[in-house]
Amino acid sequence: MAELSKRKDWTLLILLTPALIYFLVYHLIPIAGMVMAFQDYRFVGKSPFVGLKHFKMLFASPAFLQVLVNTLIISFMKIVLFFPLPIIFALMLNEVRTSFLRKFIQSTTYLPHFLSWVVIAGIWIAFLSPSSGGVNQLRGIFGLPPRDYMTDKSAIRWVLFASETWRSLGWDSIIYLAALTSISPSLYESADLDGAGALQKMRFITLPELLPTMVTVFILNMGFFLNAGFDQVFNMMNDSVISVVDILDTYVYRIGLLNMQYSFSTAASLFKGAIGLVLILAAHQGSRKITGKGLW
Amino acid sequence: MVKNVSTTRKVRTPASELFWRWCFIALLLCTCVIVLVPLLNLLALSLSDPSRVSEVRGLTVFPKGFSLINYKVLLANPLFMRSILNSVYITVVGTSLNLLVTSMAAFALTRPKLPFKRFFMVLIIVVMILEPALVTEYLVVKKIGLMNSLWAVILYKAVNVYYLIILMRYFEEIPPSLVEAAQVDGASNMTVLRSIVLPLSKPALATLGLFYGVFHWNEYFRASIYLTDPMKYPLQLILRQFVVLDDTASLIGSGALFSYDEAARLSYSALQASTIVVAILPVLIVYPLILKYYARGVMEGGVKE
């Protein structure tokens with residue numbers, strides 16, 4: 001019996017086959033195909049190897065360097081600047097003891113997470129419209145002239161930041177709220193007995209208990225630093241602001257699928273993938289070292 | 001006695017802490033207003049009487065007058081109706097396929113008897129951390145003849161590796177004795193999966209199904225690169241052209257939609273608002289389920305830890 005149970009069950013492979021075919025077609029073959037970053041892609045016949053030609057072109061291109069800078073700035077805003085906001089949100093929400101209010105706030109603020117960026121872009125374009133948008137109506141009330149944020153180079157990155165916050169503030173606070181509710185109430189009770197004030201309780205109980213969650217979230221986000229949110233940027237950019245919001249993924253799309261510079265675009269993808277891989281592996285190791293939990 | 005203690009406590013805590021608590025509630029409700037006003041504003045715009053649309057300002061949340069004309073016009077538009085059908089088709093077929101393929105794979109990967117198990121686990125990590133180039137994925141899809149087929153859109157993300165891992169963790173919690181008992185009785189793997197593992201995993205499947213479903217409903221990008229025939233476009237893609245790119249001709253100009261006087265009477269922004277509302281509606285319908293299964297699951301999981 002023991003021997004029987006050790007024997008491999010080959011019929012299990014049948015169950016795995018559909019997933020394997022999917023991985024092969026949508027992941028493995030395309031990954032192997034990225035070798036064309038070192039070739040000049042030809043539609044017919046063999047594509048000749050050209051070494052690092054496309055990478056040299058890439059790094060010599062001012063457009064690409066601008067794209068890289070944009071990606072880093074936008075990612076910095078959405079990962080580092082945004083980082084404390086859901087924590088503050090969860091801390092405040094945790095103080096709301098009225099169950100009805102709490103549920104209302106939660107169900108309202110989680111909702112935008114489930115809307116597509118197409119929908120959110122539509123909503124924000126309307127909301128920021130210089131002629132009929134809510135924000136400019138508000139500016140009017142304070143006697144300020146209307147402003148067209150969507151086509152304003154100095155404002156558009158903040159529009160990305162604000163819309164990301166609008167979409168993710170509530171949803172991203174869930175993980176902190178869960179950590180907060182798991183803090184043992186006895187800790188607070190004994191602090192009460194010691195006469196600790198609200199600030200002291202925050203500093204010596206709440207924040208230390210939240211720290212592991214904060215570290216995990218931060219490190220894991222760092223692993224995706226080069227993404228910067230394709231769907232958001234793709235739907236919120238326009239010709240007036242493209243120079244400041246064009247990120248790696250939108251650039252790869254434009255030069256690859258629109259301009260059909262297949263090998264050049266793949267080189268940019270490979271560059272992004274290689275850096276991304278290093279970041280993800282570093283995030284994985286860092287997270288494992290600090291919290292004992294990695295990405296996988 | 002007990003009552004006395006609790007009242008003295010209540011008297012002791014208030015003052016500053018109560019003040020802060022109310023400040024927090026006020027701030028949180030402000031957040032809710034910021035989330036809701038843009039949504040309600042579009043709803044108000046879409047439901048307002050066409051003759052009074054100009055009265056709807058950016059912060060208006062109630063419709064001026066009432067009319068369903070915008071929705072009537074949209075529903076009479078063949079391209080728009082077709083896009084809803086396409087989206088429903090992609091969502092239903094895609095989600096069913098997701099659940100089938102993901103649960104089959106998760107079951108196989110959690111069996112100790114799976115041959116080459118280590119190899120497959122490494123493969124999953126590779127898939128998770130290596131992102132193929134957009135161009136090479138596009139060329140593969142083109143080569144296997146899926147261009148302009150809804151299947152190119154449906155099959156993209158047939159298995160979400162993160163969801164696969166979640167389901168594997170769930171399957172691992174199922175007592176092996178249950179599975180073994182059935183296998184001794186001669187049940188095949190598929191039978192064990194169908195009659196034992198899946199019925200025990202309903203909450204996990206419901207959660208993943210909802211997430212896969214929302215993903216498919218919201219997908220537009222793969223549709224935009226793989227589909228060439230506008231009659232195959234999903235709703236989100238029509239929405240992108242009509243609202244985000246402000247290409248009013250994409251919807252209005254296509255075929256015999258409605259008479260020109262009707263078009264002249266309507267405001268584009270109200271029509272655009274109605275399109276957004278239609279795209280949000282299905283998400284709103286399943287949203288209570290999402291809250292029930294996911295948010296609560298996370299909260300309870302957090303409490304238990």
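The values are calculated or read from the model by the stated rules, or taken from the named source; none is laboratory data. On a predicted model such as this, the values are computed, not experimentally measured, just so you know. Because the Cβ atoms are built from the backbone with ideal geometry, glycine has one as well, and the counts that use them run over all protein chains shown. What goes into the accessible areas is simple: the full protein's heavy atoms, side chains included, and nothing from ligands, DNA or RNA. Shrake-Rupley method; radii C 1.70, N 1.55, O 1.52, S 1.80 Å.
Among the protein heavy atoms, those of A:V252 account for about 10 Å² of accessible surface (1.4 Å probe, every chain in place). Springs join every pair of Cα atoms under 10 Å in this Gaussian network model of chain A, and among A:E189, A:E209, A:E164 the largest mean-square fluctuation is at A:E189.
Against the empirical 2.2 N^0.38 Å (N residues), the protein assembly as shown has a Cα radius of gyration ratio of 1.06. Debye sum, Cα scatterers, chain B, no solvent: what log₁₀ I/I(0) at q = 0.08, 0.11, 0.15, 0.16 1/Å? Those come out to -0.57, -0.90, -1.21, -1.29, one per q.
For region B:115-128, backbone phi angles converted through the Karplus equation (6.51, -1.76, 1.60; θ = phi - 60°) give residue-by-residue couplings of x, 6, 4, 4, 4, 5, 5, 5, 4, 5, 5, 4, 4, 6 Hz, Gly and Pro being listed as x.
Of B:Y138, A:F49, B:T228, which is farthest on the positive side of the dipole of the protein assembly as shown, counting Cα position, with +1 on Lys and Arg Cβ, -1 on Asp and Glu Cβ, and the Cα centre as origin? Among B:Y138, A:F49, B:T228, the one farthest towards the positive end of the dipole of the protein assembly as shown is A:F49. Averaged over the residues of peptide B:55-61, the number of Cβ atoms from other protein chains lying within 10 Å of each residue's Cβ is 5. Local charge for A:T71 was computed over the other residues whose Cβ lies under 10 Å away, with Lys and Arg +1 and Asp and Glu -1, and equals -1. Temperature 10 °C, viscosity 1.306 mPa s: under these conditions the Stokes-Einstein estimate for region A:112-197, based on its Kirkwood radius over C-alpha pairs, is 99 µm² per second. Annotation: peptides A:68-79, A:276-287, ranked by per-residue average of other Cβ atoms within 10 Å with the highest first, follow the order A:68-79, A:276-287. For the peptide B:115-123, the mean number of other protein chain Cβ atoms found within 10 angstrom of a residue's Cβ is 3. Taking a label point 7 Å from the Cα of B:A187 along the Cα→Cβ vector, which residues of region B:103-136 have an amide N closer than 20 Å to it? In region B:103-136, the label zone of B:A187 (backbone N under 20 Å from the point 7 Å along Cα→Cβ) covers B:103-114. For region A:256-262, the Karplus equation 6.51 cos²θ - 1.76 cosθ + 1.60, evaluated at θ = phi - 60°, returns couplings of x, 8, 8, 8, 6, 8, 4 Hz by residue, with Gly and Pro reported as x. The tail of the calculated P(r) for chain A beyond 25 Å holds 65 percent of all Cα-Cα pairs.
With only alpha-carbon atoms in the gyration tensor, what are the semi-axes of the equivalent ellipsoid for region B:77-257, in Å, largest first?
Details: eigenvalues 298, 68, 33 Å².
Ellipsoid half-lengths, sorted descending, are 39, 18, 13 Å.
Summing charges over neighbours of B:E55, with a neighbour being any other residue whose Cβ is under 10 Å away from its Cβ, gives +2 when K and R count +1 and D and E count -1.
For B:S51 and B:D247, calculate 0.36 nm times their separation in residues minus their Cα-Cα distance, and state this gained length in nm to one decimal. Please list the in-between numbers first.
On the way: separation 196, 0.36 × 196 = 70.56 nm, distance 2.34 nm.
Between B:S51 and B:D247, full extension yields an extra 68.2 nm.
The B:R169 and A:I73 beta-carbon pair, evaluated with R₀ = 51 Å, returns a calculated FRET efficiency of approximately 0.90.
The listed residues B:E55, A:E95 rank as B:E55, A:E95 when sorted by accessible area, largest first, using a 1.4 Å probe. When chain A is treated as a GNM with alpha-carbon contacts under 10 Å, the residue of A:R167, A:R97, A:R157 showing the greatest mean-square fluctuation is A:R97. Once both labels are positioned 7 Å from their Cα atoms along Cα-to-Cβ, the gap between B:F119 and B:L178 label points is 3.1 nm. Could you tell me how far the Cα centroid of region B:31-101 sits from the Cα centroid of region A:71-113, in Å? Taking the Cα centre of region B:31-101 as reference, the centre of region A:71-113 is 26 Å away. Excluding same-chain neighbours fewer than eight residues apart, the lysines reachable from B:K64 by a Cα-Cα span under 24 Å are B:K72.
Computed over chain B, the per-residue total of -39500 (n - 2.57) for DSSP H runs of n ≥ 4 gives a 222 nm mean residue ellipticity of -21500 deg cm²/dmol, rounded to 500.
Count, for each residue of A:29-42, the Cβ atoms from other chains sitting within 10 Å of its Cβ, then give me the mean as a whole number. Each step should come with its number before you reach the end.
On the way: counts 7, 12, 8, 3, 9, 7, 1, 4, 3, 0, 0, 0, 3, 0.
Counting other chains' Cβ atoms within 10 Å and averaging over A:29-42 gives 4.
Applying 0.36 nm per residue to the separation of B:Y71 and B:F19 and subtracting their alpha-carbon distance, the gain on full extension is 14.1 nm.
With each label modelled as a point 7 angstrom along the Cα→C-beta vector, the A:A63-A:L144 pair spans 3.5 nm.
Please arrange B:D246, A:D172, B:D185 by accessible surface area, largest first, computed with a 1.4 Å probe and ligands excluded.
My answer, sorted largest first, is B:D185, B:D246, A:D172.
With the whole protein complex present, A:S99 retains an accessible surface near 70 Å², based on a 1.4 Å probe. Around the Cα centre of region B:77-257, unit charges on the Cβ atoms of Lys, Arg, Asp and Glu (plus for the first two, minus for the last two) sum to a dipole of about 320 debye. Partner lysines whose Cα lies under 24 Å from the Cα of A:K53, excluding those fewer than 8 positions away in the same chain, are identified as A:K272. Treating each Cα of region A:1-133 as an identical point scatterer and summing with the Debye formula, the log10 of I(q)/I(0) at q = 0.10, 0.14 Å⁻¹ comes to -0.85, -1.04. Residues whose amide H comes within less than 5 Å of that of A:Y41, counting only those at least five positions distant or on another chain, are A:S263 (H built at 1.01 Å from N in the peptide plane).
Measuring only protein heavy atoms, the 1.4 Å probe finds A:F127 accessible over about 30 Å².
The simple spin-label model puts a point 7 Å past each Cα toward its Cβ; for A:L207 and B:L36 those points are separated by 3.4 nm. In chain A, a dipole from Cβ-located charges (positive for Lys and Arg, negative for Asp and Glu) runs towards its positive end, and of A:S131, A:S182, A:L68 it is A:L68 whose Cα lies farthest in that direction.
Listed by chain and number, the lysines placed with their C-alpha closer than 23 angstrom to that of A:K201 are B:K10, B:K304; residues fewer than eight positions away on the same chain are left out. Residue-wise HN-Hα couplings along region B:77-94, as the Karplus relation 6.51 cos²θ - 1.76 cosθ + 1.60 with θ = phi - 60° gives them from phi, are 8, x, 5, 5, 4, 4, 5, 5, 4, 4, 5, 4, 4, 4, 5, 5, 5, x Hz; Gly and Pro carry x. For the set A:K293/B:K157; A:K78/A:K289; B:K142/B:K232; A:K46/B:K143, the pairs lying more than 19 angstrom apart at their alpha carbons are A:K293/B:K157; A:K78/A:K289.
Restricting region A:200-280 to trypsin sites (Lys or Arg not before Pro) that sit in a DSSP loop and have at most 12 other Cβ atoms within 10 Å of their own Cβ leaves nothing.
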